[in-house]
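Student: This is the structure I have questions about; it appears just below.
The values are calculated or read from the model by the stated rules, or taken from the named source; none is laboratory data. Computed from a predicted structure; not experimentally measured. Here the Cβ positions follow ideal geometry from the backbone for every residue, glycine too, while neighbour counts run over all protein chains shown.
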Amino acid sequence: MSEQYSYRNRLIVVALGGNAILHANQEGTVEQQFENTRYTAAHLAGLVQAGYQLLVTHGNGPQVGSVLRRVELAEREVYRLPLDLCGAHTQGEMGFMIAQCLNNALAERHVSRRFAALITSVEVDRQDPAFQKPTKPIGKVYRKDKAEEMQRLYGWQMVHVPQQGLRRVVPSPAPRAVVEIDLIRRLVDAGELLVAAGGGGIPVARDDRGHWHGVEAVIDKDRTAALLGRTLDAPVFVIVTSVERVALDYGTPHERPLDRLTASQAQQYLDAGQFPPGSMGPKIEAAVEFLRGCRAGDARVIICDIEHMAEALAGHSGTHIGPDAG
């Protein structure tokens, strides 16, 4: 393997937010998703051309919602799919799309390297408190009568969405280990470019015999990306979102963008309620988990938008979160 792609020297774990593939105001057609992904891929391909080695992860929330809706509409015609298989379905579909767009973008730049997508499972603990109190909304919003029917038929837990109706919630347990990590490590050591752990990975747990089984849950994709990064001892973890920088008092007249902070400072702001659970909160949690689990003292997290990613890696944009001193 050449020095240019040496392990830990130029490795970046990239967590793509949903806006990288599907914008909030879009219907979510295949054409729209490919268009958005091509735009994202052009920026990522530029980093590969510059000599970085990428391991790309991604969200799948809207796509899983669409798969669940298809399952519901077709329930009288074909068998139902459990949530873990819906996650596997979107991992394959989106991994194909992202890898194809990245490979086309590399070919346009005359870079003779290729991405491959890997279906990835992630171990969770059946005793995780999240299973006792599901909080992750998935799928569509239902009228009261339909929601009660789904609860009766499938045992779903539902929450009220103000002025809309009821929506299914599922557990969101912490990721414990990536099942395919040894394979991923070998591929990363060999300098390969990967798309992996889409949607946070397919949640699985072991039974009494040590056999894996899928679990009806959703793992936060940023936390899984952080787990991958610290397990692989990656020096840089980039969380791509819709804003150039993290900000305090976001959306208020007193908004203050943050350029640099430590893991402890990030945790303090999180504890103070600066980063809500439904937006920046999980990203800050993942950043802190990554930094506190890394062996290397030079590790860093960058939170930025896709347009400023190259500038952020050069230190000229984005929010940089580093380890605590000492």
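Student: Considering only region 197-223, how many residues are without any contact (Cβ under 8 Å) to a residue 12 or more places away in the chain and part of a loop (DSSP other than H, G, I, E, B)?
Tutor: Filtering region 197-223 for residues without any contact (Cβ under 8 Å) to a residue 12 or more places away in the chain gives 207-211, 213.
Within this subset, residues satisfying the condition of being part of a loop (DSSP other than H, G, I, E, B) are 207-211.
Selection size over region 197-223: 5.
Student: Oh, and also: Could you give me the residue pairs with C-beta distances under 6 Å whose first residue belongs to region 174-196 and is in a loop (DSSP other than H, G, I, E, B), whose second residue is surrounded by 14 or more Cβ atoms within 10 Å (Cβ to Cβ) and at pLDDT below 95 wherever it lies, and which are 6+ apart or on separate chains?
Tutor: That search, which allows pairs on different chains as well, returns 191/5.
Student: Now, a different point. Regarding region 50-60, can at least one residue be identified that is assigned to a helix (DSSP H, G or I) and not hydroxyl-bearing (Ser, Thr, Tyr)? Spell out the reasoning first.
Tutor: As a first pass, look at region 50-60 and keep what is assigned to a helix (DSSP H, G or I): none.
There is no residue in region 50-60 that is assigned to a helix (DSSP H, G or I) and not hydroxyl-bearing (Ser, Thr, Tyr).
Student: Could I ask something else about it? Restricted to region 1-25, and to residues that are surrounded by 14 or more Cβ atoms within 10 Å (Cβ to Cβ) and over 20 Å from the mean Cα position of the chain (by Cα), which residue is modelled with the highest pLDDT?
Tutor: Only one residue tops the list, namely 10.
Student: Moving on to the next point. Within region 155-187, track down each residue that is more than 30 Å from residue 114 (Cα to Cα) and surrounded by fewer than 12 Cβ atoms within 10 Å (Cβ to Cβ). Give the steps one after another, and end with the answer.
Tutor: Filtering region 155-187 down to residues more than 30 Å from residue 114 (Cα to Cα) leaves 155-174.
If the condition is that a residue be more than 30 Å from residue 114 (Cα to Cα) and surrounded by fewer than 12 Cβ atoms within 10 Å (Cβ to Cβ), then 155, 162, 163, 164 are the ones that fit.
To keep it simple, each residue is scored yes or no on (1) in a strand (DSSP E or B); (2) basic (Lys, Arg); (3) in the same structural domain as residue 90 (by TED's automatic domain parsing).
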residue: 105; (1), (2), (3): no, no, yes
residue: 112; (1), (2), (3): no, no, yes
residue: 117; (1), (2), (3): yes, no, yes
residue: 127; (1), (2), (3): no, no, no
residue: 130; (1), (2), (3): no, no, no
residue: 141; (1), (2), (3): yes, no, no
residue: 146; (1), (2), (3): no, yes, no
residue: 153; (1), (2), (3): no, no, no
residue: 160; (1), (2), (3): yes, no, no
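Student: Hey, another quick one. Having 2 or more residues that are within 16 Å of the chain's Cα centre (by Cα) is the bar; report the strands (runs of 3 or more DSSP E) wholly within region 226-326 that clear it.
Tutor: Strands (runs of 3 or more DSSP E) meeting the threshold: 236-241, 300-305.
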